[in-house]
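The values are calculated or read from the model by the stated rules, or taken from the named source; none is laboratory data. Treat the numbers as computed from the prediction; the structure is a model and nothing was measured. Note that we place each Cβ from the backbone using ideal geometry, even for glycine, and neighbour counts take in every protein chain shown. We work out accessible area using only protein heavy atoms, side chains counted, and drop any ligands, DNA or RNA first. Shrake-Rupley method; radii C 1.70, N 1.55, O 1.52, S 1.80 Å.
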Amino acid sequence: MNENVETRIEKHIVIDVNPYRTRVVLLENGRAAEIYSEQMNRVSLVGNIFRGRVKSILPGMAAAFIDIGEEKNAFFSITDLVRHAEATGEDLPRVSQAPLTVGQELMVQIIKDAYGTKGARVSTQISLSGHLLVLFPTEKMIGISRNISDEDERERLKSIITNGRSEELGVIIRTAAEGRSEEDILSEFNDLAKKWHGISKAYRCAVAPKLIHSEFNLLERAMRDLFRPDVSKVTVNDRECYELLCSIAEGIEPGSSNRVSLAENEPALFDVLGIEKQIDEALARKVWLKSGAYIVIDPTEALVSIDVNSGKNIGRTNLQQTALATNCEAAKEIARQLRLRDIGGIIIIDFIDLENKEDRSTVVRTLREAMKLDRTTAVVHGMTSLGLVEVTRKKLRENLHASLQIDCPCCSFSGRVLSPETVALKIRSQVLSRILRDGKSRVSISASPAVMRVIKHHLRKECSRYGLSESDFILTEKGSDRTEDFEIRYLSD
């Protein structure tokens with residue numbers, strides 16, 4: 001990571017927890033940079049390890065489907081076995097000879113969640129993540145995060161692993177290891193190695209299909225991956241989670257739990273901090289820039305297209321300088337939006353046309369520099385002959401749109417609207433925040449039938465949790481199916 005950029009950034013992790021959903025937002029200088037959302041009934045399986053059984057083989061696709069005990073069989077690329085054999089020196093037949101047989105059992109790890117009609121994607125290249133290291137038990141290499149740029153520090157870290165690891169297991173040294181002591185690094189290595197041995201033992205004893213290792217939940221992953229010395233504060237609105245986060249913080253770095261704070265009885269924490277509005281903006285198709293220019297983000301089945309437009313930005317000098325300045329401003333915002341929305345796959349960016357080759361290089365360089373803040377693997381491939389910039393970004397989980405929105409039933413499913421669950425939780429936070437602040441009050445809620453079904457399902461639990469009465473709520477279904485169309489009124493006694 002670019003150290004000069006990072007020192008200018010104030011980082012704050014904000015966590016909103018309720019019985020139905022957990023959301024984590026990383027703020028950089030007050031602006032949302034990364035958003036993670038997990039419904040309690042739809043938890044991500046990425047990182048989980050299974051003893052799976054081969055159900056079918058597709059030689060023409062060099063792929064197989066693996067039964068892991070989930071609703072849909074997982075997709076497995078047989079080329080993973082070839083890469084694994086190359087790394088370990090094992091001898092395997094060529095892919096075309098299908099080095100798998102139906103019924104064969106093997107250890108696989110989910111690397112991409114199921115989405116839509118597609119099952120999860122799995123790999124035999126197992127990885128176990130810690131705060132400082134990522135262990136690759138079936139590999140032998142030592143890698144160091146590209147964000148650690150100091151050559152002396154890179155050499156120190158590599159020497160610690162080379163000379164101190166008890167077993168020849170593959171390791172990637174994460175950015176968080178920079179400056180950490182040899183004792184801390186080797187302690188985590190040994191913990192991860194011990195975890196691997198436990199997984200190996202569980203695999204030998206299991207009967208496929210069987211889950212043998214579960215990845216951390218969202219809270220634990222957020223602390224493991226985001227809680228670094230440059231994070232000034234962590235705020236959460238649930239006491240039980242607050243105590244867990246303090247414990248995790250102490251495990252990462254003794255004395256750091258004082259950076260964790262509790263915003264108790266604040267169900268609308270994201271509203272209070274202005275984050276809810278930023279999430280709504282992150283779902284919009286058009287993003288305005290400070291100069292008056294704007295970008296348009298359009299996801300499709302094959303790729304995500306991003307168009308840069310000058311909009312209201314008329315510039316102060318000549319056309320080419322205005323275009324260059326607009327493109328550079330857009331490049332920085334695009335890098336942020338890719339992180340914010342967690343957009344993965346192929347991204348094609350249509351910047352404003354530039355005649356000068358050096359100016360085009362400046363835009364690409366600006367985009368690459370801005371994307372150094374992205375923890376997800378992303379590559380800027382450069383500009384095509386048509387002036388389009390190609391970017392690829394690793395896709396692991398549902399992106400922000402998929403986790404919060406559904407296809408719109410009012411326009412033949414050609415658009416996207418907030419899901420009933422998302423709208424119901426918006427209503428919940430607003431109503432509870434008002435009641436907890438001003439005292440009990442009768443509340444009239446009018447919403448679409450789909451949203452109202454979610455509210456009614458949760459109402460009794462909420463009344464019990466907060467000492468309210470169901471008779472205090474007047475619930476009315478609107479005639480429209482528009483999920484985002486709702487009304488809340490507070491009635492005097």
- request: Scan the stretch 446-471 for residues that are touching a helix residue (DSSP H, G or I) at 6+ places or on another chain (Cβ under 8 Å) and open to solvent by less than 40 Å² (accessible area, probe 1.4 Å) and jot them down.
  value: Ala447, Ser448, Ala450, Val451, Val454, Ile455, Leu459, Glu462, Cys463, Leu468
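Given the structure, is Arg23 open to solvent by 20 Å² or more (accessible area, probe 1.4 Å), among the basic types (Lys, Arg) and assigned to a strand (DSSP E or B)?
no
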message: Looking at Asp230, Asp238, Asp225, can you tell me which residue is within 30 Å of Arg51 (Cα to Cα) and either among the β-branched types (Val, Ile, Thr) or open to solvent by less than 70 Å² (accessible area, probe 1.4 Å) (or both)?
response: Asp225
query: So which residues in the stretch 417-476 are assigned to a loop (DSSP other than H, G, I, E, B), over 35 Å from the mean Cα position of the chain (by Cα) and polar (S, T, N, Q)?
result: Ser441, Ser469
- request: Confirm whether Glu390 is open to solvent by 20 Å² or more (accessible area, probe 1.4 Å), under 20 Å from Arg21 (Cα atoms) and either of a type outside the set (Lys, Arg) or part of a helix (DSSP H, G or I) (or both).
  value: no
message: Can you report the number of residues in the stretch 36-50 which are open to solvent by less than 40 Å² (accessible area, probe 1.4 Å) and in a strand (DSSP E or B)?
response: 5
- line: Scanning the stretch 8-46 residue by residue, those of a type in the set (S, T, N, Q) and free of Cβ contacts under 8 Å to residues at least 60 places away in the same chain turn out to be Asn29, Asn41
task: Please enumerate the residues belonging to the stretch 203-220 that are in a helix (DSSP H, G or I), open to solvent by 20 Å² or more (accessible area, probe 1.4 Å) and either touching a residue at least 40 places away in the same chain (Cβ under 8 Å) or basic (Lys, Arg) (or both).
output: Tyr203, Arg204
Leading residue by the ranking (farthest from the chain's Cα centre (by Cα)) among those in the stretch 359-387 that are polar (S, T, N, Q) and surrounded by 15 or more Cβ atoms within 10 Å (Cβ to Cβ): Thr362
statement: Taking the stretch 268-301 and keeping residues under 20 Å from the mean Cα position of the chain (by Cα) and open to solvent by 40 Å² or more (accessible area, probe 1.4 Å) leaves Lys277, Asp280, Glu281, Arg285, Asp298, Pro299, Thr300, Glu301
statement: Every listed condition ((1) over 15 Å from Val389 (Cβ atoms); (2) modelled with pLDDT of 90 or more; (3) surrounded by 18 or more Cβ atoms within 10 Å (Cβ to Cβ)) holds for Glu333 save (1)
field: Candidate set: the stretch 303-314, residues that are out of contact with any strand residue (DSSP E or B) (no Cβ under 7 Å at 6 or more places or on another chain) and surrounded by fewer than 16 Cβ atoms within 10 Å (Cβ to Cβ); chosen: the one farthest from Leu244 (Cα to Cα)
entry: Ile314
- request: Examine the stretch 339-358 for a residue that is assigned to a helix (DSSP H, G or I), surrounded by fewer than 16 Cβ atoms within 10 Å (Cβ to Cβ) and not acidic (Asp, Glu), and state whether such a residue exists.
  value: yes
field: Residue match in the stretch 245-257 (condition: over 19 Å from Ser187 (Cα atoms) and surrounded by fewer than 18 Cβ atoms within 10 Å (Cβ to Cβ))
entry: no
- prompt: If Ser385 satisfies every condition in (1) of a type outside the set (Asp, Glu); (2) within 17 Å of Ala331 (Cα to Cα); (3) without any contact (Cβ under 8 Å) to a residue 40 or more places away in the chain but one, which is the exception?
  reply: (2)
field: Filter result (in a strand (DSSP E or B) and not aliphatic (A, V, I, L, M)) within the stretch 51-63
entry: Arg51, Gly52, Arg53, Lys55, Ser56
- line: All-but-one check, Ala87 against (1) at pLDDT 90 or above; (2) over 25 Å from the mean Cα position of the chain (by Cα), failing number (1)
